[in-house]
Every structure is written in C-alpha cells, then in structure tokens.
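All remarks here apply to the structure that follows.
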Amino acid sequence: MNEMSESVSVNAPEQGRSWPQLRRVWRVLRIVVHLLWGFVLAFVLGAFWWPQRPAVLAAKQRWCQRFLRILGVRLTVTGEPLGRPVFLVSNHVSWLDIPVIASQRHLYFLSKAEVGDWPLIGHLARAVGTLFIQRGSGESGRKAGEIAGRLQLGHTVLVFPEGTTTDGTGLRRFFPQLFDAPLQANVPVQPLAIRYLDSMGAPDRAMAFIGDDEFHHHLWAMLLRREIRVRLHFCAPLTEHGERKALCEQARVRIAEQLSH
C-alpha cells in the first residue's frame, strides 16, 4: 500500500483502542451483506436486463444511501439539483464520489473501464447501467454519442471530465470531447463540486484515491474512521450552449469557485 492509502485513517488517539478495529470488522460484514443484497435486488428487479427501469434507478439510489450510512459518511448537500434530464459534471477525488452523488438523484455514470473489473462492485455497476470508457483509447467521441442517447431518453448522466482523480485541493484540465453529448441532446449542463473535509473543515487529502492506490486497501483503511465528512454542491446549471470548449471551461470555472471556498 502506498503512502496515500496508509494515510486514510482515524485520528491517532483512536488507533490504539480496540473499538475502532471492532467497528471496522463489523462494517466489513455489513458491506458484504449489503453487496449480496444488491445482487439479489438487481436480479429481482431485472437490472441485469433492463437497467433503465425507474424501479432500478430508485433502488440504486436507496442502496447508495444505505451504503453511505454503513461507511459512516456525513454528507452535506447544498445547491439545487435540476429535476429534469441533465448532463452532470464533477471533480473527481475518490471511488466514493460515485455512491455519494448517486445517493442524491437517479442517474447513470461514465466510469473508467477498470471499475468494471472490480470484484462484486464491477458486476453491480454493470447491472445498473454504468457506461465504461478506456482511458487514453480515443473513444470519447463514440461515448459522447452514447451519452447523448441516454440523455435523449430522459435520463441524467454524470461524467468526470478530468479523466482521473486528484487530492481534492484543485482541478486538472477538463477534457471537452464529452461535452458534445449535452449539445447533441440539447440538455443543460450542471456542474457539481465534491469535497472531503477534515474536522477543521479543510480538504481531507487522505480520502483521495489516486496514483497506484488499490481499492481494497483504500476501503480497508477508510473503514477505520469514525466518520467521513463530505460536502456536495450542485452549482447553477449552464443552459446557454455554445461550442463544447467554452461549455467545458464554464463548468470548470464553477466547480473551481466552490473548491476555493
């Protein structure tokens, strides 16, 4: 495990006590049961065959809400999510971004292809209609068309236009290719800003899932925490569409403004 993964921990005074370790084991058991319940639910609702059914989307949202409670996530949401189909764009800090955002509304994600290979979670992601993209493969244009099709069917899709995760203190450049999707579908773009905060309200860099971090190591360290503080802000939507590069830059500016607060 690298330095970043090791830093995902509770405060030092708790580490010598037995309760944090017992809590972590208890959470592991609850997560395993919750994942298995997710498979049962996906099968019963027909998610493996019809992931776009409203019942599947609603169940996915409730499943994510329960998952966050198991992890001890304390979520603060500000701003107003649009109540109609929208192209959501967010900064990207951790794999936890996905259940955090999915807990707030019905949507589909564009995720890196590696997630589809994760044990159990990858299968669940496919069952609920997640779109996958191979980084550096040059398939962004085709994926933009696929996303536009979902948007035109009345669904909401979220992408992470940085194409990778950061430590949460700033933004990388946004790739504009996927912004063809809202232009093709004629739907608004709503930027999201997600921040992981420590007890003092400063960015919690230890929550970042970056570099060579491995999912199971990151999760195991995270489960030692008493709570995880997350703030999610729905920025004002972008309804005036120009060309994709301008739209991409406007979304980046709005997210950057929130991260600087």
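Only residues that are under 15 Å from R205 (Cβ atoms) and surrounded by 19 or more Cβ atoms within 10 Å (Cβ to Cβ): list them for the stretch 167-184, please.
Hit for the stretch 167-184 is G168, nothing else.
Do we have V187 as buried (at least 17 other Cβ atoms within 10 Å of the Cβ), farther than 27 Å from G141 by Cβ and of a type in the set (A, V, I, L, M, F, W, C) here? I'd like the intermediate steps shown before the answer.
Numbers: buried (at least 17 other Cβ atoms within 10 Å of the Cβ): yes; farther than 27 Å from G141 by Cβ: no; of a type in the set (A, V, I, L, M, F, W, C): yes.
Against the criterion (buried (at least 17 other Cβ atoms within 10 Å of the Cβ), farther than 27 Å from G141 by Cβ and of a type in the set (A, V, I, L, M, F, W, C)), V187 does not qualify.
Is there a residue being modelled with pLDDT under 90, buried (at least 18 other Cβ atoms within 10 Å of the Cβ) and farther than 26 Å from L171 by Cβ anywhere in the stretch 55-65?
yes
Need the failing condition index for F132 against (1) aromatic (F, W, Y); (2) touching a Gly at 6+ places or on another chain (Cβ under 7 Å); (3) under 26 Å from A206 (Cα atoms), just the number.
In the conditions (1) aromatic (F, W, Y); (2) touching a Gly at 6+ places or on another chain (Cβ under 7 Å); (3) under 26 Å from A206 (Cα atoms), F132 misses (3) alone.
For residues that are more than 15 Å from T130 (Cβ to Cβ), part of a helix (DSSP H, G or I) and among the small types (G, A, S), tally how many sit in the stretch 43-64.
Of the residues in the stretch 43-64, 2 are more than 15 Å from T130 (Cβ to Cβ), part of a helix (DSSP H, G or I) and among the small types (G, A, S).
Of these, R229, R244, which one is in contact (Cβ under 8 Å) with a residue 60 or more places away in the chain, open to solvent by 60 Å² or more (accessible area, probe 1.4 Å) and over 19 Å from the mean Cα position of the chain (by Cα)? Please lay out each step first, then the result.
Details: R229 fails: over 19 Å from the mean Cα position of the chain (by Cα).
None of the other options fit; the residue is R244.
So V187 clears everything in (1) within 17 Å of the chain's Cα centre (by Cα); (2) in a loop (DSSP other than H, G, I, E, B) except one condition, right? Which one?
(1)
Scan the stretch 202-216 residue by residue and report those that are buried (at least 17 other Cβ atoms within 10 Å of the Cβ) and either touching a Lys or Arg at 6+ places or on another chain (Cβ under 8 Å) or more than 30 Å from G83 (Cβ to Cβ) (or both).
So in the stretch 202-216, the residues buried (at least 17 other Cβ atoms within 10 Å of the Cβ) come out as 203-210, 213.
Result: P203, D204, R205, A206, A208, F209, I210, D213.
Within the stretch 132-165, work out how many residues are of a type in the set (V, I, T) and modelled with pLDDT of 90 or more.
To start, the set of residues in the stretch 132-165 that are of a type in the set (V, I, T) comprises 133, 147, 156-157, 159, 164-165.
Filter again for modelled with pLDDT of 90 or more, leaving 147, 156-157, 159.
Going through the stretch 132-165 one residue at a time, the tally reaches 4.
Would you call V89 over 19 Å from the mean Cα position of the chain (by Cα) and of a type in the set (V, I, T)?
On the way: over 19 Å from the mean Cα position of the chain (by Cα): no; of a type in the set (V, I, T): yes.
In short, no.
Any idea which of R142, R150 is part of a helix (DSSP H, G or I), of a type in the set (D, E, K, R), over 17 Å from the mean Cα position of the chain (by Cα) and surrounded by 19 or more Cβ atoms within 10 Å (Cβ to Cβ)?
On the way: R142 fails: surrounded by 19 or more Cβ atoms within 10 Å (Cβ to Cβ).
Only one candidate qualifies: R150.
Okay, residues lined up against (1) crowded, with 16+ Cβ neighbours inside 10 Å; (2) within 26 Å of Q152 (Cα to Cα); (3) at pLDDT 90 or above:
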residue	(1), (2), (3)
A12	no, no, no
L29	no, no, yes
A47	yes, yes, no
R53	no, yes, no
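Would you pick out the residues in the stretch 92-108 that are hydrophobic (A, V, I, L, M, F, W, C) and open to solvent by less than 10 Å² (accessible area, probe 1.4 Å)?
Once the filter is applied, which keeps residues that are hydrophobic (A, V, I, L, M, F, W, C) and open to solvent by less than 10 Å² (accessible area, probe 1.4 Å), the stretch 92-108 yields V93, L96, V100, I101, A102, L107.
Going through the stretch 204-222 one residue at a time, which ones are modelled with pLDDT under 90, outside any helix (DSSP H, G or I) and not acidic (D, E)?
Within the stretch 204-222, F209, I210, G211 qualify.
Those residues that are within 28 Å of L247 (Cα to Cα) and either assigned to a helix (DSSP H, G or I) or of a type in the set (D, E) (or both), I need them from the stretch 65-94; list them, please. Before you say what the answer is, go through the steps one by one.
Narrowing the stretch 65-94 to residues within 28 Å of L247 (Cα to Cα): 76-94.
Matches in the stretch 65-94: E80 only.
The values are calculated or read from the model by the stated rules, or taken from the named source; none is laboratory data. Keep in mind the model is a prediction, meaning the values are calculated, not measured. Counting neighbours? That spans all protein chains shown, and the Cβs are built from the backbone with ideal geometry, glycine included. The protein model used for the area step is the full one, side chains on, heavy atoms only, and it has no ligands, DNA or RNA in it. Shrake-Rupley method; radii C 1.70, N 1.55, O 1.52, S 1.80 Å.
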